[in-house]
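Just below is one structure, and these are the notes that go with it.
The values are calculated or read from the model by the stated rules, or taken from the named source; none is laboratory data. Owing to the predicted nature of the structure, the values given are computational and were not obtained by experimental measurement. When we count neighbours, we look across all protein chains shown, and the Cβ atoms used for this are built from the backbone with ideal geometry, even at glycine. Accessible surface areas use protein heavy atoms only, side chains included; no ligands, DNA or RNA. Shrake-Rupley method; radii C 1.70, N 1.55, O 1.52, S 1.80 Å.
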Amino acid sequence: MSSSNQGHSALSRPKSRDSHATLGQFSFAPATRTTVVTTTYTTTTTLAPMRINAKSLSERDPKEYPLAQVRAPESIRKIYFDAGGEVGLFEEADDAPKKAQEHTILQENLRAANGKMRKADTFKGPATFASPSRTRRPVTNLQPPALRSVSGRRKRDPTDDSPPPPSIREAAEMASLQRRSKKPRISTRDEDTAHMGITPEDMEDLVPATPETELEGSQATRVPISNDTRKQLRESTAGPSHTEATSFDSQEPSQSQSFSTSVIDGLGAAATPPIAESDMEPHYPIARPTPIHLDIAAAQDASLPSPSLSPTTYAANAQQSLAGASSLGLAADYESNDVSSLDLSQIGRPERIEDMSPNPQLLTPTVTGIPDMLNAFDALPEEMKDYVMYQMLRRCKKSTLHFVADVVNPALKRDFIASLPTELGLEIISYLDVQSMCSAARVSKHWRKLIDTHETAWKELLEKDGFALPSGELERAVQEGWGWQFTENAESYERDLRGSSTASRSDNDHATGSGSSTTADHEGAITRSSSTRQKRKAISKHGVSKKQRKKGLMSTKAQFMSYMLPIEQRDGPNAYAKRAQAAIPDPHLGIPGLRNMHLFKSLYQRHHLIRKSWMAEDTKPRHIAFRAHQRHVVTCLQFDTDKILTGSDDTNINVYDTKTGALRSRLEGHEGGVWALQYEGNTLVSGSTDRSVRVWDIEKGRCTQVFQGHTSTVRCLVILKPTKIGETLDGKPIMMPKEEMIITGSRDSTLRVWKLPKPGDRSIMQTGSSAANDLENPYFVRALTGHHHSVRAIAAHGDTLVSGSYDCTVRVWKVSTGETVQRLQGHTQKVYSVVLDHARNRCISGSMDNLVKVWSLETGQCIFTLEGHTSLVGLLDLSHERLVSAAADSTLRIWDPENGQCKSRLCAHTGAITCFQHDGQKVISGSDRTLKMWNVKTGEFVQDLLTDLSGVWQVKFNERRCVAAVQRNSLTYIEVLDFGASRDGVALSERGRRIVVNNRGHEIEDVPDADMVDAVDQP
């Protein structure tokens, strides 16, 4: 009695409760669903609200308890789960005090209605919380069948021998035993007939269960039901409504406290459902229930006719003992000895009404109850575990949360790369960029090994990022063991590991009785390696015939063709890595667990650091300078990592060693100044004011071909190589031109096309410029006529040729036929420069009218006119998605070739721009006194590369070196800046200062005496 009053008052005073307490409620749907004609009756079981105590959470310091005052996340505030085949719902109230007040009102209404109250919500439209309806079971009483399957109950096996219902005395004894049990199970909640799945049709023959029916047991046959009773039952269940069966805490003091004949599970005391006539068989055994607390007075009154015998009123009576209880049980899907999946009775309760159940029989939780607590947690539905776990975390200090995070987070991490087959892991890695690859390599040893040894991916990144391997560098990396090395600091470089490796192999050979030399020099290593291979071949010669070996080697056409390729293209990246590992098998470098062959990664790292050094302020490049062409102007320049070629108006072409500056050869033969040159491989083509075109063998230093035909200075030329311009219907590439071509432009207003002679082809030495020479020359293809003035600039790609002329026009030609495709008119002055934008099918021209024009090759229309320069635009360059123009107004401009927008204006020179080049990182430009470098992305000036000059004739750069032809003190010099010298181990003392060398590459003192010029220039 006192417990009930305390519980009722607690729920009716929400303001006195902890503001962080929460209120949850369970529902199960549908208990019944019946369709009559066009009206559907759906009954959903809703259990009494369950208050989750949050004792003093508001008083706890959020710094110590970070989750104490944080509400449960939305994702777990409304949980659907499976409850014995039914859809269960747990929903936390948004407003706990309001929900508690509603519950109190329902209690009072139920008390006033003497247990006959119902709450109905009428709605239209589809139900949001329902499951398919049950088919009506036909009524039959012929045999004692198995209990019908209803929502929330299992089918009982009719063969089970269950004990008869207990008598009042037996029930009292069982209650006493329960009070003494170490694991008491109590019933705290009721369920009405709706929870047991009773449909309105089933209730026509229902009677309330009373202790009298229990006492009579098997002697009871069938209880007659009056019409008034049936009417009363219909009023409490049927109707076009959503019936919410709720249990309450209050009851009248005079009402008896009965126990249910239905199976009671966990904390919930289900309201005893009426028994349909079809379910009541005289001799059918009923499972013995687990009794709840009984007092003797209530037991004595249980046999008297009383409103307390109503199942609904009984639910209220049972609820009285647990006013405001903080947990509930699920009376569903069990036998009498089952433990419910929501049985929380094993968990202890606090002392006060806000903290504990008013039932004094519950035991205080102790550490010995931890196993029961864990068992109860294990029995929860998976969906409810999230909610319960969060409530526990709310009560944990930060230190505990840190501990949980330290344990949970590593357990949730999974190495998905290690879980996959190696092939799939490598495929995933191949999609990463360089920065992601380097970051991923630091995740774990396994990732590092996969990334470092993924040679194909690193080779593709080399090509994608525009790095070109110089000739011979790959083979050098294989032989010197670069693939084992890592950069440790700014001064680290790729070392030659062959010395230590050779000594190691020699020691091994000596220990095994080998007579090979132990000399650790480079040649010794090569000799020893060759000797070993010859011995292996000699041994295998007797095992396999020469014919069989040849047949196996040339088994397929693809294998045969692969040997026709250069060595750089013949083997794949993995083959090179295997060769590198075989060349230096045991380098003894770094940590053994992290030692992996990473050949192409080391190459990428090398080139990346060289590129980065260009823009670094503290970089000190190696600077060599040597005199060239006396005081003459250098009109053209081209170089690679091996050689530098310069053409001058002194009629000569000089060939220098790129690394040392030594003069290798001087190509003499032209009778006038050389104004154009270009080479491919060992073949050089030059054009001169003597109107001839010459082809040279660079290594031999001699002229192999002389082409005549132009009647004036050959001002520009280009070597056009076959390029893929499309595909046929069957997927074969379309290459244009069919073979390498030479295209020249002259001041005679014509262009001429020749085939490029191959090494060993017949030599042609023409003289004069008559038309007969064209017929006699097997390399001549055609002449392109149409311009009316000097052809100043040309550009070609595939089958398209663009020429700019002093006649103020730009012409577009088709190389394969020689026809004029477009004649582009718009400039009002001479055209000095042209570039071809083949990706957008456009061309760009610069003119003396200070304008840059962008043309459509398809329509011949001018798309953009780029204005800004105030003088002759003599130079254009299109590269890396940037167009750069240089003019005589001492400025350069960077344009977006897509829309013609000016990105940057480079202003620092004091005279006309005579030369420049750019890539995706920088612009290097020369003017009257300096050679400057700019950031192409921002347009900012970076540094002066060369100063104190009297003129800059030409400038070219590659990934590593910048080569400029300049004039100092009226003398012509070639200046070479090597930004990759540190990667080759060049000492710091040899970097950062200008070193002048003679024609043999030896350092000399720079003597500006004019009398010394001729002597120094001699080879």
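Brief remarks follow.
- Residues of region 691-700 that are open to solvent by 30 Å² or more (accessible area, probe 1.4 Å), free of Cβ contacts under 8 Å to residues at least 60 places away in the same chain and assigned to a loop (DSSP other than H, G, I, E, B): E699, K700.
- All strands (runs of 3 or more DSSP E) inside region 16-96 with 1 or more residues being surrounded by 13 or more Cβ atoms within 10 Å (Cβ to Cβ) and at pLDDT 75 or above: 22-36, 39-46, 78-83, 86-92
- Residue count for region 839-849, restricted to those that are open to solvent by 10 Å² or more (accessible area, probe 1.4 Å) and either over 19 Å from S803 (Cα atoms) or touching a Leu at 6+ places or on another chain (Cβ under 7 Å) (or both): 3.
- Scanning region 860-879 for residues that are surrounded by fewer than 18 Cβ atoms within 10 Å (Cβ to Cβ), under 13 Å from H827 (Cα atoms) and of a type in the set (V, I, T) returns a single hit, T865.
- Among residues of region 420-436 that are in contact (Cβ under 8 Å) with a residue 40 or more places away in the chain, those with a Cβ under 6 angstrom from a residue that is in a helix (DSSP H, G or I) and surrounded by 12 or more Cβ atoms within 10 Å (Cβ to Cβ), sequence gap 6+ or separate chain, pair up as V434/L461.
- Output for region 862-886, where each listed residue is among the polar types (S, T, N, Q) and under 15 Å from V802 (Cβ atoms): none
- H607 under 26 Å from L474 (Cβ atoms), surrounded by 10 or more Cβ atoms within 10 Å (Cβ to Cβ) and modelled with pLDDT of 80 or more: yes
- Residues that are closer than 24 Å to I794 by Cβ, in contact with a Phe, Trp or Tyr (Cβ under 8 Å, 6 or more places away or on another chain) and open to solvent by 20 Å² or more (accessible area, probe 1.4 Å) within region 880-899 comprise just one, R882.
- Inclusion of H827 among residues that are in a loop (DSSP other than H, G, I, E, B), open to solvent by less than 20 Å² (accessible area, probe 1.4 Å) and touching an Asp or Glu at 6+ places or on another chain (Cβ under 8 Å) is warranted.
- Flag for G472 being touching a Leu at 6+ places or on another chain (Cβ under 6 Å) and not polar (S, T, N, Q): no
- Taking the listed residues Q678, Q630, the one that is surrounded by fewer than 21 Cβ atoms within 10 Å (Cβ to Cβ), at pLDDT 95 or above and under 30 Å from M933 (Cα atoms) is Q678, with no other qualifying.
- The strands (runs of 3 or more DSSP E) located wholly in region 900-1019 that include 1 or more residues which are under 30 Å from T487 (Cα atoms), open to solvent by less than 10 Å² (accessible area, probe 1.4 Å) and not aliphatic (A, V, I, L, M) occupy 915-918, 922-926, 931-935, 961-968, 971-978.
- The listed residue being within 19 Å of S686 (Cα to Cα) and open to solvent by 60 Å² or more (accessible area, probe 1.4 Å), out of T750, T711: T711
- Selection of region 881-899 for residues being free of Cβ contacts under 8 Å to residues at least 40 places away in the same chain and in a loop (DSSP other than H, G, I, E, B) yields E881, A888, D889, S890, D896, N899.
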